[in-house]
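Colleague: This is the structure I want to talk about, given as structure tokens.
The values are calculated or read from the model by the stated rules, or taken from the named source; none is laboratory data. Just so you know, these numbers come straight off a predicted model, no measurement behind them. When the accessible area is computed, the model is the full protein with side chains, heavy atoms only, and any ligands, DNA or RNA have been set aside. Shrake-Rupley method; radii C 1.70, N 1.55, O 1.52, S 1.80 Å.
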Amino acid sequence: MEELERRLAVWVDEGVISSGQAARIEELERRRMPPIATGPGSGALRERETRRTAVAEAVGYLGAVLALTAVGLIVSDVWPELRTGGQLALVGLLGVLALGAGQALSGQAAPAMARLTGVLWAAAAVAAAWFTGIVAAELVVVGPAATATGAGATATVVAVPLLLRRPGLPLHLVALAGAVVAATGALGLYPLAPDPFYDGLLVAAVGGVWFLLGRGRWIAPQRVAEVLGGLVALGGMQAASFGELRVQALGLGLLLAAGAVALAVQRDAQHLLIVGALGGFVLLPQLVVEVFGDAIGAPATLLIVGLLLVLLAVGLGRARREVAAAPEADR
């Protein structure tokens with residue numbers, strides 16, 4: 001029932017079902033479940049079970065911290081003295097252990113175990129990318145761009161299937177970061193160095209694809225995918241603005257931010273409103289100064305930021321009112 005309640009909360013949060021439907025589903029499933037012990041010791045038993053999973057999660061995180069500390073010490077002191085085979089063996093062992101530990105916990109329904117599984121699998125994907133980077137740089141002996149492309153692609157290829165099995169923020173971060181590194185590394189394979197505008201545009205495209213995958217519910221949680229994809233897209237346009245086409249990059253970034261705000265208002269999605277407003281706060285003042293110059297740019301920037309804050313407050317208030325009205329409609 002804990003897993004069911006967690007999933008129902010996610011579905012209600014994403015707008016798939018209403019809170020009234022979620023309550024009816026939960027009631028139906030409770031009726032179908034076999035009777036649970038309700039004796040004097042049942043409450044204590046459930047409390048011990050919850051405490052045991054929390055302790056297991058804490059121990060798992062502690063072990064991960066110790067392992068990362070050991071790896072850091074090895075990298076700083078011993079790593080240069082290791083041969084390539086030793087480096088590959090160490091990284092491969094860490095990856096296999098993380099993957100196996102996550103697999104052993106993947107069947108647990110407790111939220112604490114689900115979070116720990118996601119962290120372990122994310123570590124496994126990072127180890128796989130590291131392994132590929134060592135092979136590319138030391139054995140195949142390719143350049144930095146090709147090494148980054150291979151390592152990033154490996155991180156994404158390993159993390160995405162695990163993300164589909166166990167949705168969570170750590171795997172989202174590893175998969176998306178790997179895609180960005182692979183894309184920018186591939187662009188760096190060209191003999192002529194491209195303008196930063198095109199690097200940023202490529203990053204924005206990767207973020208946009210990630211956003212659409214979340215929006216289409218191909219990857220979950222939908223909200224995490226949309227927020228990360230939107231932030232990466234806006235960050236890509238910010239990076240693109242350091243090239244020759246600065247005004248165009250800032251303008252495209254503002255269009256993306258405006259689209260996020262429009263979608264937030266249409267769908268009552270507060271997280272998209274925050275992403276779009278953040279993009280407006282960062283990009284719009286730069287565009288104003290770039291177009292109007294320093295003389296009028298500062299006062300105009302203050303005016304625009306103030307208007308954006310007012311719009312953000314209105315949007316947040318509207319979203320909160322819609323959320324408050326939804327339970328009343330379900331009744």
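Colleague: Can you tell me the accessible area per residue over the range 146-186, all protein chains present, probe 1.4 angstrom, in square angstrom?
Modeller: On the way: 1460 Å² over 41 residues.
I get 36 Å² per residue for the range 146-186.
Colleague: Oh, and also: In whole Hz and in residue order, list the ³J(HN,Hα) couplings for the range 216-227 that follow from phi through the Karplus curve 6.51 cos²θ - 1.76 cosθ + 1.60, θ = phi - 60°; x for Gly and Pro.
Modeller: Whole-Hz 3J(HN,Hα) from phi for the range 216-227: x, 6, 6, 10, 10, x, 4, 5, 5, 4, 5, 5.
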